[in-house]
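Reviewing the structure listed below.
The values are calculated or read from the model by the stated rules, or taken from the named source; none is laboratory data. Worth saying up front: this structure is predicted, and the values here are computed from it rather than measured. In this analysis, Cβ positions are derived from the backbone assuming ideal geometry, glycine residues included, and neighbour counts consider all displayed protein chains.
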Amino acid sequence: AGASGLARRVIECIRRLDVAHLELFFFSTKHTMKVFVTRRIPQEGMAILKQAGICEVSVWDSDEPVPRSDLLKRVEGVHGLLCMLSDRIDTEVLDAAGPNLKVISTLSVGFDHLAIDELRKRGIRLGYTPDVLTDATAELTVALLLATARRLPEGIQEVKSGGWSSWKPLWLCGYGLSGSTVGVLGLGRIGLAIAQRLKPFGVKRLLYTGRHPKPHAQEVDGEYVPLDTLLCESDFVVVSCALTPDTCGLCDKAFFSKMKTTAVFINTSRLGAVVNQDDLFEALSIGQIAAAGLDVTSPEPLPTDHPLLTLTNCVILPHIGSATYSTRATMAKLSANNLLAGLTRDAMPSELKL
Ligand code: 8YV
């Protein structure tokens, strides 16, 4: 099936007099292109890579990350690399791969783990997985917000430990969304999807901030405000921005000190580095803010003796924003198709223009 797929492509190239692709196909029949996949991924993605018949696929066949030394060995001479958000793809990895490397496909919407400037310099194309994980991440954000605001982990723990002695009027009270003001930092694809899901809970005002106003904010009656206004007026502050030099460490002491003492802070952005975790710990410990829910931390995994884990008003999840079976399968298919398109120098379904 692979060979006939290749033959079909060659005929198509001859018909279109597409010399660049023809050279590539003759090259690839003589020397099969090599691809390294840095982790076990949903089989839907692997099937696409294997059935294409244009590359030899080698996989780090584990659910755990490939150790750095193995990564450096396994990338040698590859033409394509399919990586995870937890793999740091820097100059060292690119040098180890060498000049064959033409395409990297990341199984993530975020790309801060990749040395973008180096990819640009070396003419390496980059595929990623936007859109397909928007709904899953937005759903997880709502779940985390409600779990944090209504203190679900504490309640579950009390039931298990025998702390539930009776129904008590003042026990385990939290904060509700109805009539509240929600502030979203970064009303991009995921931020908008979060806002759309929160509005039906009876949210009164939806504030947002970012580099510039977004036309799609109308869909949620979003009010574009300066960051300070958002922090002072919001009952829930939801961070959903990309990790850039502007947002790195943005949520610090000064940031938390502007929030209401009854406010809940949620971070499902990329990544924990947007938050200064020492300052967050202090804000939560002294009651500067009411609670925090995080799906991302710095580092990941968060060491089990980290001070944030001692707090009952901090709910931490292990970066599971996109973790539904169907979303991960779709991400795997998209990243496989991005990789193949990069190998055959075709248009990628989702390419990040560098
Ligand atoms: C996260 C992500 O799960 O794909 C990525 O790059 O990190 C997202 O899917 C989300 O941002 C954290 O909740």
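Yes/no matrix, rows are residues, columns are (1) touching a strand residue (DSSP E or B) at 6+ places or on another chain (Cβ under 6 Å); (2) away from the ligand (no atom under 14 Å from the Cβ):
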{"site": "258", "(1), (2)": "no, yes"}
{"site": "266", "(1), (2)": "yes, no"}
{"site": "273", "(1), (2)": "no, no"}
{"site": "278", "(1), (2)": "no, yes"}
{"site": "285", "(1), (2)": "no, yes"}
{"site": "312", "(1), (2)": "no, yes"}
{"site": "334", "(1), (2)": "no, no"}
{"site": "343", "(1), (2)": "yes, yes"}
{"site": "352", "(1), (2)": "yes, no"}
Query raised in the report: Picking from 290, 323, which residue would you name as being over 29 Å from residue 122 (Cα atoms), surrounded by 15 or more Cβ atoms within 10 Å (Cβ to Cβ), at pLDDT 95 or above and away from the ligand (no atom under 14 Å from the Cβ)?
Result: 290
Query raised in the report: near the ligand (Cβ under 10 Å from one of its atoms) and within 22 Å of residue 265 (Cα to Cα) - does that describe any residue in region 110-132?
Result: yes
Query raised in the report: Looking at region 55-95, which of its residues are touching a residue at least 24 places away in the same chain (Cβ under 8 Å), part of a loop (DSSP other than H, G, I, E, B) and either at positive phi or among the small types (Gly, Ala, Ser) (or both)?
Result: 77, 86
Report task. Kindly indicate the residue of region 63-88 that is out of contact with any helix residue (DSSP H, G or I) (no Cβ under 8 Å at 6 or more places or on another chain) and over 24 Å from residue 270 (Cα atoms) and also surrounded by the fewest Cβ atoms within 10 Å (Cβ to Cβ) among those meeting that condition. Result -> 69
Requested in this report: Kindly indicate which of 141, 137, 129 is closer than 22 Å to residue 341 by Cα and crowded, with 22+ Cβ neighbours inside 10 Å.
Outcome: 129
Requested in this report: For region 99-109, state whether one or more residues are β-branched (Val, Ile, Thr), within 16 Å of the ligand (Cβ to nearest atom) and modelled with pLDDT under 95.
Outcome: yes
Query raised in the report: Of the residues 346, 246, 279, which is at pLDDT below 95 and charged (D, E, K, R)?
Result: 246
Report task. Exactly one condition in (1) touching a residue at least 12 places away in the same chain (Cβ under 8 Å); (2) away from the ligand (no atom under 13 Å from the Cβ); (3) of a type in the set (Gly, Ala, Ser) is not met by residue 162; state its number. Result -> (1)
Query raised in the report: Among the residues of region 144-154, is any at pLDDT below 95 and either buried (at least 16 other Cβ atoms within 10 Å of the Cβ) or in contact with a Ser or Thr (Cβ under 8 Å, 6 or more places away or on another chain) (or both)?
Result: no
Requested in this report: Can you confirm whether region 212-221 contains a residue that is among the acidic types (Asp, Glu), surrounded by fewer than 18 Cβ atoms within 10 Å (Cβ to Cβ) and away from the ligand (no atom under 16 Å from the Cβ)?
Outcome: yes
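Please go through region 89-98 and pick out each residue that is buried (at least 16 other Cβ atoms within 10 Å of the Cβ) and either within 11 Å of the ligand (Cβ to nearest atom) or of a type outside the set (Val, Ile, Thr) (or both). Walk me through how you get there before you give the answer.
Step one: list which residues in region 89-98 are buried (at least 16 other Cβ atoms within 10 Å of the Cβ), which gives 89, 93-94, 96-97.
Hits for region 89-98 are 94, 96, 97.
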Query - Criterion: of a type in the set (Asp, Glu), at pLDDT 95 or above and either within 27 Å of residue 179 (Cα to Cα) or buried (at least 22 other Cβ atoms within 10 Å of the Cβ) (or both) - qualifying residue of 295, 252 - result: 295
Query raised in the report: Does residue 141 satisfy the condition of being in contact (Cβ under 8 Å) with a residue 24 or more places away in the chain and under 30 Å from residue 325 (Cα atoms)?
Result: yes
Requested in this report: With the condition kept exactly as written, say whether any residue in region 135-151 is within 16 Å of the ligand (Cβ to nearest atom) and part of a loop (DSSP other than H, G, I, E, B).
Outcome: no
Query - Members of region 178-188 that are within 9 Å of residue 204 (Cα to Cα) and part of a loop (DSSP other than H, G, I, E, B) - result: 178, 179, 180
Query raised in the report: Which of the residues that make up region 224-256 are in contact with a helix residue (DSSP H, G or I) (Cβ under 8 Å, 6 or more places away or on another chain) and acidic (Asp, Glu)?
Result: 228, 252
**Report entry** In region 100-117, residue nearest to residue 344 (Cα to Cα) [restricted to those that are of a type in the set (A, V, I, L, M, F, W, C) and not in a loop (DSSP other than H, G, I, E, B)]
**Finding:** 103
